[in-house]
Amino acid sequence: MADRVLPTGTVTFLFSDMEGSTRLVQDLGPAAFTEILERHNAVLREAFARHGATERGTQGDSFLVMFPEAPPAVAAAADAQRALAGTDWPADATVRVRMGLHTGVARLGGDDYVGLDVHRAARIAALGHGGQVLLSDTTRALTELDLPPGVTMRHLGSQVLRGLDRPEQLHQLVIDGLAADFPPLVIAQGTPGNLPSRLTTFIGRERELEALERALDGAPLVTLTGPGGTGKTRLAMELAMRRATDFPDGAWLVRLDGVDDPALVPDAIAAALGILESPGTTPLQRIRGFLGNRSVLLLLDNFEHLLDAAPIVGELVEAEPGVRVMVTSRAPLRLRIEQDFPVSPLQPGEAIDLFVVRGRHARPGFELTDENRAAIEEICRRLDGLPLGIELAASRIGLLPPEVIAGQLTHRLDLPGVAPRDLPARQRTLTLTVAWSYGLLDAPARRLLERLSVFAGGFRLAEIEAVAGPADELGAEPIDALAALVEQSLVDPVPGPDVPRYRLLETIQWFARERLIATGDAALTGERHARAYLALAEQAASHMPGRHQVPWLNRMTIDHDNIRAAFAWAIEQGDAEVAHRLLAASWRFWQFRGHVTEGRTRASSVLAMPEGDVTTAWRMRGLEAAGGLDWWAGDIPAADAHYEQALVVARAIDDPRGIADALYNLIHTKFQVDPARIDVLRTEAAALYHDVGDPLALARLEWTRAWQLTFSGQPDEARRISEHAIGEFEAAEDDFYLALASGAIAGLAMMERDIPTAVRYGLRSVAANRAIGDLASITLFLRSAVGLFMVAGEVEAAATVLGAFEAHCRRYGIKPPLDAAQFLGLGGPTDDLVAVLAEPKLHAAHAHGEAMTTDAVLEYLFEQAAALAPEPLRP
């Protein structure tokens with residue numbers, strides 16, 4: 001290695017870094033890794049020195065070296081990778097090193113480099129994988145005519161480097177004898193929002209990106225228009241990723257392909273932003289309240305079937321100056337403030353690059369050659385440069401050579417009758433491209449693709465099998481037909497926390513849906529879909545409420561769009577049984593996850609079905625569910641009416657368990673509606689629960705006496721019942737009622753102004769609520785905590801929690817069924833707080849609480865409670 005005199009002027013920086021070094025230390029131990037590191041350093045130094053490098057130094061397993069010219073740097077990188085691949089490593093370890101090269105200006109500040117160019121090489125290397133050599137476009141331009149033997153280059157497209165504004169065109173060295181195909185480049189995350197990670201390299205469209213960026217800077221609303229498959233979503237997503245750091249409050253993707261009603265567009269936006277329901281306010285009002293004084297970028301994807309909602313978007317944009325909106329749609333929104341941005345097909349060179357890059361996913365090592373260039377050009381020409389069509393065709397490279405694909409397209413794209421002749425030519429081309437891929441499927445895969453079109457927002461294998469029908473009807477096992485669809489890129493695997501899930505691209509789903517209708521199987525497939533999600537909902541409901549309900553709440557959350565689709569099918573088809581059973585199975589999910597307002601709307605539609613006005617068990621359970629949702633919305637008269645109706649049906653069908661449940665529910669509403677009936681209701685319910693042999697229900701029933709005794713001035717007996725109930729509920733792993741019983745004791749302590757006891761039992765209550773994901777009960781707990789802090793003299797804490805309580809009520813559609821503060825003698829202190837909230841310090845605390853997440857306000861409670869009780873409990 002040359003003497004360490006750092007060069008200045010134009011130099012080529014080479015940054016290298018060992019992949020997975022931490023794992024090697026853990027797996028092999030420090031001694032073995034030290035030997036590996038010494039050999040790694042020796043191999044690299046020898047390769048770099050042969051080509052005249054100057055070493056700035058090492059840091060751990062990373063090198064930064066400089067070359068006076070670019071070609072020697074490329075040669076050194078290639079030699080180093082070959083030497084690393086040929087080294088025998090201690091303990092048979094696998095050592096892979098990623099490298100990044102960039103040519104720029106080297107400036108010294110003191111005894112080290114300053115400026116962006118030295119960092120650019122490190123950022124480029126960080127995007128790569130072990131064994132991969134990445135080059136900036138500057139280095140590529142200086143070396144492509146002077147490459148060492150056995151080395152070529154591959155263009156990887158444009159990427160934004162972490163912390164640097166200007167995107168970089170990146171290239172990869174392809175070194176004979178070494179691996180040439182690597183996963184997509186590693187893209188750093190970290191900005192607010194919900195944009196997905198890049199799963200594939202972005203190809204071309206740099207001029208369109210620059211023009212789109214100018215359009216977004218000049219107009220608050222930009223609509224990317226064009227037929228399906230032109231790459232509108234991918235282009236908008238790329239710009240959103242590049243500009244995300246310009247919006248401190250995040251860049252947010254709102255997928256609208258699962259929304260079938262323009263009136264639900266605000267709901268979809270609110271859901272993407274994490275703004276949930278609130279009684280008395282519209283979704284648009286809640287969105288505006290959230291976006292006020294925020295800097296946000298929204299991407300509304302697939303708007304073409306929801307154009308009647310365009311005025312909503314316009315109102316939102318005009319009212320919030322910090323909001324920028326991009327929309328993808330096949331047609332413009334026709335708004336005054338809108339900038340229409342037509343998305344054109346790819347240029348010929350870009351289309352070929354896309355085909356080759358995507359073709360490598362189907363056949364590793366696939367390259368553009370003199371022999372296949374004409375066929376690939378013909379494929380791209382026949383597909384008019386439409387990215388989706390090109391990707392579909394490229395996915396066949398693993399099965400067919402380009403010449404055969406080109407021939408198939410030439411013959412099949414002109415088939416009559418596949419698409420309406422009055423559609424634009426490019427849209428007909430894309431439709432026919434999908435039809436061509438569809439035509440290559442065997443009969444079972446075709447049938448499955450058609451039937452998958454009924455799903456909304458993705459699906460699992462279990463539901464695929466239910467919707468597909470038996471193997472003898474489908475013609476194959478569903479898993480085999482699914483594998484064929486995934487292989488041909490007609491079905492996409494969806495990464496996420498759930499078990500493997502899949503989804504259809506929108507264009508393919510539209511095509512498949514039309515085919516399903518044409519076959520006459522739409523009604524049967526819709527019924528199978530509805531019954532599959534009814535089965536899921538009923539399975540989830542069997543775990544609610546309970547200690548092990550959180551995984552089932554998560555499952556229901558992931559498939560909420562499919563549950564909604566099942567409701568829509570049942571109501572449209574007049575299948576009252578399925579609709580009522582869905583209602584009965586879903587209501588606890590809506591309660592726990594803060595969808596009470598939506599649940600009440602669904603309940604109203606279901607109970608109004610003419611076919612549902614019958615005396616059946618499922619009608620009884622539907623009425624019970626409606627009453628439960630009314631209860632958590634604080635509408636006691638409505639809950640009481642639904643429970644009374646459920647009791648009438650239960651008696652008519654002589655269902656002892658149903659009668660007992662209706663009586664139990666009525667006990668809760670009669671606290672306010674008709675207290676004199678409570679003892680009669682409890683006595684009859686106890687006899688029935690005893691007859692059906694349900695000790696847990698008896699324990700729950702007995703516990704209801706605690707609140708009744710509390711409010712009638714018998715706190716000692718109420719405490720005895722609650723303490724006994726805690727033991728029973730703990731033994732039964734019934735955390736929902738464990739929280740209620742603990743909360744009752746906390747309430748009794750608050751009445752007696754025993755702050756430490758109230759804190760200990762109150763935190764035990766909310767810890768149980770948190771463990772089972774019960775947002776509704778947590779919300780109600782916050783109301784009691786406000787009174788507790790006021791009694792304890794912690795006015796600022798009370799103001800903070802009051803803000804959180806009010807925000808949670810709006811967010812989750814919750815309203816206290818009983819005013820516990822008044823019953824517990826805390827109404828006065830709470831009124832005192834409201835009277836002084838305008839004071840600047842308390843006003844700021846209240847606003848801080850309003851902005852808190854559920855986890856944040858609970859952590860705040862635990863911290864504040866530490867000063868009020870000797871041993872506060874935490875979850």
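The values are calculated or read from the model by the stated rules, or taken from the named source; none is laboratory data. These figures come from a predicted structure and were not determined experimentally. Neighbour counts run over all protein chains shown; Cβ positions are idealised from the backbone, glycine included. Areas reflect the complete protein model, heavy atoms only, side chains present, ligands, DNA and RNA absent. Shrake-Rupley method; radii C 1.70, N 1.55, O 1.52, S 1.80 Å.
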Across the stretch 6-16, the tally of residues that are open to solvent by 20 Å² or more (accessible area, probe 1.4 Å) and farther than 19 Å from ALA83 by Cβ stands at 5
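Yes/no per residue for (1) over 30 Å from GLY29 (Cβ atoms); (2) not acidic (Asp, Glu):
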site: ARG96; (1), (2): no, yes
site: LEU101; (1), (2): yes, yes
site: GLY104; (1), (2): yes, yes
site: ARG107; (1), (2): yes, yes
site: ASP112; (1), (2): yes, no
site: VAL118; (1), (2): yes, yes
site: GLY128; (1), (2): no, yes
Exercise. Test VAL222 against the criterion of being farther than 22 Å from PHE15 by Cα and either among the small types (Gly, Ala, Ser) or at pLDDT 90 or above (or both), and give yes or no.
Key: yes
Checking GLY110, GLY157, GLY177, GLY115 in turn, the sole residue that is in contact with a helix residue (DSSP H, G or I) (Cβ under 8 Å, 6 or more places away or on another chain), on the phi > 0 side of the Ramachandran plot and at pLDDT below 90 turns out to be GLY157
Scanning the stretch 447-486 for residues that are free of Cβ contacts under 8 Å to residues at least 12 places away in the same chain and closer than 23 Å to ALA394 by Cα gives ALA483
Scanning the stretch 554-576 for residues that are open to solvent by 40 Å² or more (accessible area, probe 1.4 Å) and under 21 Å from the mean Cα position of the chain (by Cα), the one farthest from ASP260 (Cα to Cα) turns out to be ASN554
Within the stretch 376-407, residues touching a Pro at 6+ places or on another chain (Cβ under 6 Å) and open to solvent by less than 10 Å² (accessible area, probe 1.4 Å) come out as ILE376, GLY385, LEU386
Restricted to the stretch 632-644 and to residues being among the acidic types (Asp, Glu) and outside any loop (DSSP other than H, G, I, E, B), the residue surrounded by the fewest Cβ atoms within 10 Å (Cβ to Cβ) is GLU644
Flagged in the stretch 129-139 as buried (at least 24 other Cβ atoms within 10 Å of the Cβ) and either part of a loop (DSSP other than H, G, I, E, B) or among the aliphatic types (A, V, I, L, M) (or both), in numbering order, are GLN132, VAL133, LEU134, LEU135
Among residues of the stretch 270-309 being β-branched (Val, Ile, Thr) and closer than 23 Å to PHE592 by Cβ, the residue least open to solvent (accessible area, probe 1.4 Å) is ILE275
Of the residues in the stretch 535-551 that are modelled with pLDDT under 95 and in a helix (DSSP H, G or I), the one that is least open to solvent (accessible area, probe 1.4 Å) is VAL550
The correct count of residues that are under 20 Å from PHE15 (Cα atoms) and in contact (Cβ under 8 Å) with a residue 24 or more places away in the chain in the stretch 134-152 is 12
Filtering the stretch 477-500 for residues that are under 25 Å from the mean Cα position of the chain (by Cα), modelled with pLDDT of 75 or more and closer than 24 Å to PRO387 by Cβ leaves a count of 7
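I'd like to know if the stretch 740-756 contains one or more residues that are among the basic types (Lys, Arg), open to solvent by 40 Å² or more (accessible area, probe 1.4 Å), modelled with pLDDT of 90 or more and more than 34 Å from the chain's Cα centre (by Cα). First the steps, then the outcome.
Filtering the stretch 740-756 for residues among the basic types (Lys, Arg) gives 753.
Checking the rest, the ones that are also open to solvent by 40 Å² or more (accessible area, probe 1.4 Å) come to 753.
Imposing the further condition that a residue be modelled with pLDDT of 90 or more reduces the set to none.
No, the stretch 740-756 has no match at all.
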The residue that is nearest to ARG120 (Cα to Cα), considering only those in the stretch 34-64 that are touching a strand residue (DSSP E or B) at 6+ places or on another chain (Cβ under 9 Å) and among the small types (Gly, Ala, Ser), is SER62
- Task: Go through the residues of the stretch 784-797 one by one and say whether even a single one is among the β-branched types (Val, Ile, Thr), modelled with pLDDT of 90 or more and in contact with a Pro (Cβ under 8 Å, 6 or more places away or on another chain).
- Result: no
Checked PRO342, PRO348, PRO364 against criteria (of a type outside the set (Phe, Trp, Tyr) and over 30 Å from ALA179 (Cα atoms)); the one match is PRO342
Counting only residues in the stretch 577-631 that are touching a residue at least 60 places away in the same chain (Cβ under 8 Å) and among the β-branched types (Val, Ile, Thr), the one surrounded by the most Cβ atoms within 10 Å (Cβ to Cβ) is identified as VAL596
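Yes or no: LEU583 modelled with pLDDT of 95 or more, of a type outside the set (Phe, Trp, Tyr), in a helix (DSSP H, G or I) and over 30 Å from GLY231 (Cβ atoms)?
The answer is yes for LEU583.
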Exactly one of VAL614, VAL648 is part of a helix (DSSP H, G or I) and not hydroxyl-bearing (Ser, Thr, Tyr), and that residue is VAL648
Taking the stretch 696-718 and keeping only residues that are in contact with a helix residue (DSSP H, G or I) (Cβ under 7 Å, 6 or more places away or on another chain), without any contact (Cβ under 8 Å) to a residue 60 or more places away in the chain and more than 23 Å from GLU733 (Cβ to Cβ), one is left with GLN708, LEU709, PRO715, GLU717, ALA718
Result of the Cβ filter at 6 Å on the stretch 666-681, keeping first residues that are part of a helix (DSSP H, G or I) and partners that are surrounded by 17 or more Cβ atoms within 10 Å (Cβ to Cβ) and small (Gly, Ala, Ser), at least 6 apart or interchain, is THR669/ALA639
